[in-house]
Amino acid sequence: MRLLLAEDDHYLAAGLKKDLQAAGYAVDIADNGIDAEYLGNEAIYDIAVLDLGLPQRNGIDVLKNWRSAGNRLPVIVLTARDAWHERVDGFKAGADDYLGKPFHIEELLARLSALLHRASQKAAGELKVGDFTLDEQQQLVSTADGQCHQLTGIEFRLLRYFLLNSGQLLSKSQLSDHVYDLDSEKDSNVIEVYVRRLRQLLGKERIDTRRGQGYIFRDSL
Amino acid sequence: MHSLASRLSSGLLISLLIAFALLAVLVSVNIRYVTDDYVASRLQHDTETLLAAVSFDTKGRLLLDAQRIDQVYNQPFSGHYYVISSGTQSHYSRSLWDQRIEHVALESGEQRRVIQSGPEQQSLLVLSSGYTLQGYPLSISLAEDLNPIRQNIEQFIYMFIFTASGILLILIVLQVLILRHSLKPLQQVKQQLVLLEQGKIERLDSNVPAEIEPVINEVNHLLTVMGQRLQRSRDGLGDLAHAIKKPLTVMRQVLRRMDASEPDRETLTEQVDVIVQLSDRILKRARLAGHSHSGKYFCFDKDLSALIDTLGLMYPQSNIQIEQRIDDNVNCPIDREDMMELLGNLLDNACKWAQHKVRITVSSDQQLNISVEDDGPGIAADQVHELSRRGRRLDESVEGHGFGLAIASDTVSEYQGQMRFSKSTELGGLNVDIVLPLRHKSLESEK
């Protein structure tokens, strides 16, 4: 999952990025409102964490501009200004969730995961496919017979993206967009390698290859 | 408290009454003098006519030429009488019949005017004059009954008083109308103040008479200054919150990454949590506008639905219904931000614990009554007291039912209101009752 983190405090942003990456997100940072608005309009992000006190352009304006341009990117507003009337204004501007600073990282992660599930219209809680369950905290897949398979970072990101977008045709470049952040070296051939690994784990028939187009993850067989 | 209107009208009424009474006295006194003078001048004239009819013969006897005497002096008690005397001789008019009037002999050139009672309760003006005719002394007294003319005067005075009272009445009515009309701007200002209280207008209309315009302008100026001051302090507190919370967030991050075996980690984490909660509560408390005028009041129609929409977004998974029972025309002169904070915390707390349903009931009379109920687990009777007490002390760490309710309780006490906890009779969960007094009761009750 590719996440846009709009936060102007570099120290805070760097720390958050580390935590978010550890939780399986590909994170890009925007440290001002104008960059944040521009990046958010690139269709590569699955979710955004938006600080309201951004320099150059206020977070609320960024959010309003996204929404008025028809951008439905799920947004969690992260702000020190957490009076109720500000919260109401935030939701009115189009926020999907609101978290007051200072927050516990666990709460942010829980809300991110809940919002992602909601955005792809999945039930809250664990992501399931067939007999398999994806544990988003531990980043492992467990089978019905109780066997657990630890996933590498990229495997986890890829599987989660597949699960949240099951039944849809996903191109290789789309997959790499959502799995890697701006700083990473992108090689779409690597995606093939990871898809092969996931097939070994979940069964070949789970992921269909559409030659020249991409992959489809099948919820039901 | 004295009223300008009653002072003005009583002053005007008294001055009008005095003016009219003075006029009545002057007119009635003067008219008597004038008529007496008029009668006297007529008598003088008649005296001269009578004098022409008098003569003395060679023996000094007083003679009267009956031909030259007016008939009115021959009719008994006609009201016109004369007495003519010279030495011991005297002539009385026939109209006197057997009665007499007081008559004194006067020196020549002397004249006297008296009022005396005559026959048949007549009131006579008697003009006596002394002459010398053909070498003999002569005194003539002529009398005329004043009663008929007095009756006319009386009638005139009655008419005068009657007409004057009518005019007085009309003047009083007119004056009340004029007063009302001129004091209308004050009434309007009073109504505007009530509207201002209720938050229906933000400024007073400055289209007023020149006399009260400075007051209105000053009030408007104060409203602006107060609004700006509140906004400035709120902005300042918002910035302060922002400034404090960023480093706290970083501290939490750093602590999280610290080795769990580090002995101070837990202590530091706890301390950071304490700072977070304390600063949050102090800043929120400081932001309260309270009864000071903020200009922007909470509107149940608009703001509550926005708040409930927000809660719906905050609790997307749960299917909690928030039922609103809001009276029509709820009078809520309470700052929008304060009320948002109060209701936000109450409803948030209720949504946290509710299973399916939250209900908010609002009504207003002399005070604003709000109750928020849920169908959650509620609290045991012995905890009610505990919950009311909790959160009063700033340094108590409170979780769950606590923190939001603590902020709500700060808001309520800022407004000198009351907050009570009980078990909801219908929904079975917690019921929070809040009573907020509405300010400026005097203004309200005078409406």
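Data overview
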{"item": "Options A:Leu39, A:Leu5, A:Leu12: the member that is under 21 Å from A:Arg157 (Cα atoms), within 14 Å of chain B (Cβ to nearest Cβ) and either in contact with a strand residue (DSSP E or B) (Cβ under 7 Å, 6 or more places away or on another chain) or among the aliphatic types (A, V, I, L, M) (or both)", "result": "A:Leu5"}
{"item": "Looking only at segment A:92-133, and only at residues there that are touching a residue at least 24 places away in the same chain (Cβ under 8 Å) and among the β-branched types (Val, Ile, Thr), the one that is nearest to the other protein chains (Cβ to nearest Cβ)", "result": "A:Ile105"}
{"item": "Output for segment B:334-358, where each listed residue is in contact with a helix residue (DSSP H, G or I) (Cβ under 9 Å, 6 or more places away or on another chain) and either assigned to a loop (DSSP other than H, G, I, E, B) or farther than 20 Å from B:Ile407 by Cα (or both)", "result": "B:Ile334"}
{"item": "Selection from segment B:47-71 of residues that are free of Cβ contacts under 8 Å to residues at least 12 places away in the same chain and among the acidic types (Asp, Glu)", "result": "B:Glu48, B:Asp57"}
{"item": "Output for segment B:157-206, where each listed residue is modelled with pLDDT of 85 or more, surrounded by 15 or more Cβ atoms within 10 Å (Cβ to Cβ) and part of a loop (DSSP other than H, G, I, E, B)", "result": "B:Leu204"}
{"item": "Hits in segment A:53-71 (condition: within 14 Å of chain B (Cβ to nearest Cβ) and touching a residue at least 40 places away in the same chain (Cβ under 8 Å))", "result": "A:Gly53, A:Leu54, A:Pro55, A:Gly59"}
{"item": "Subset tally (residues that are polar (S, T, N, Q) and at the interface with chain A (Cβ under 10 Å from one of its Cβ atoms)) for segment B:232-267", "result": "2"}
{"item": "Qualifying positions in segment B:95-133 - in a loop (DSSP other than H, G, I, E, B) and within 60 Å of the chain's Cα centre (by Cα)", "result": "B:Gln122"}
{"item": "Subset of segment A:130-182 that is touching a Gly at 6+ places or on another chain (Cβ under 7 Å) and assigned to a strand (DSSP E or B) - its residue that is nearest to A:Glu42 (Cα to Cα)", "result": "A:Leu170"}
{"item": "Residue match in segment B:301-310 (condition: buried (at least 17 other Cβ atoms within 10 Å of the Cβ), at pLDDT below 85 and either assigned to a helix (DSSP H, G or I) or more than 13 Å from chain A (Cβ to nearest Cβ) (or both))", "result": "no"}
{"item": "Some residue of segment B:213-227 being part of a helix (DSSP H, G or I) and within 14 Å of chain A (Cβ to nearest Cβ)", "result": "no"}
{"item": "Residue that is farthest from the chain's Cα centre (by Cα) [pool: residues in segment B:268-300 that are within 11 Å of chain A (Cβ to nearest Cβ) and outside any helix (DSSP H, G or I)]", "result": "B:Leu288"}
{"item": "Qualifying residue in segment B:30-46 (condition: small (Gly, Ala, Ser), surrounded by 12 or more Cβ atoms within 10 Å (Cβ to Cβ) and touching a residue at least 60 places away in the same chain (Cβ under 8 Å))", "result": "yes"}
{"item": "Residue among A:Glu107, A:Glu126, A:Glu42 that is within 30 Å of B:Ile282 (Cα to Cα) and modelled with pLDDT under 90", "result": "A:Glu107"}
{"item": "Scope segment A:72-84; condition within 8 Å of chain B (Cβ to nearest Cβ) and over 18 Å from B:Asp348 (Cβ atoms); matching residues", "result": "A:Ala80"}
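Let's see how each residue does on (1) in contact with a helix residue (DSSP H, G or I) (Cβ under 9 Å, 6 or more places away or on another chain); (2) surrounded by 12 or more Cβ atoms within 10 Å (Cβ to Cβ); (3) farther than 25 Å from A:Ala30 by Cβ:
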{"position": "A:Val179", "(1), (2), (3)": "yes, yes, no"}
{"position": "A:Asp183", "(1), (2), (3)": "no, no, no"}
{"position": "A:Glu192", "(1), (2), (3)": "yes, yes, yes"}
{"position": "A:Gly203", "(1), (2), (3)": "no, yes, yes"}
{"position": "A:Asp208", "(1), (2), (3)": "no, yes, yes"}
{"position": "A:Gly212", "(1), (2), (3)": "no, no, yes"}
{"position": "A:Phe217", "(1), (2), (3)": "yes, yes, yes"}
{"position": "A:Ser220", "(1), (2), (3)": "no, no, yes"}
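The values are calculated or read from the model by the stated rules, or taken from the named source; none is laboratory data. Just so it is clear, the model here is predicted, and its values are computed rather than measured. Note that we place each Cβ from the backbone using ideal geometry, even for glycine, and neighbour counts take in every protein chain shown.
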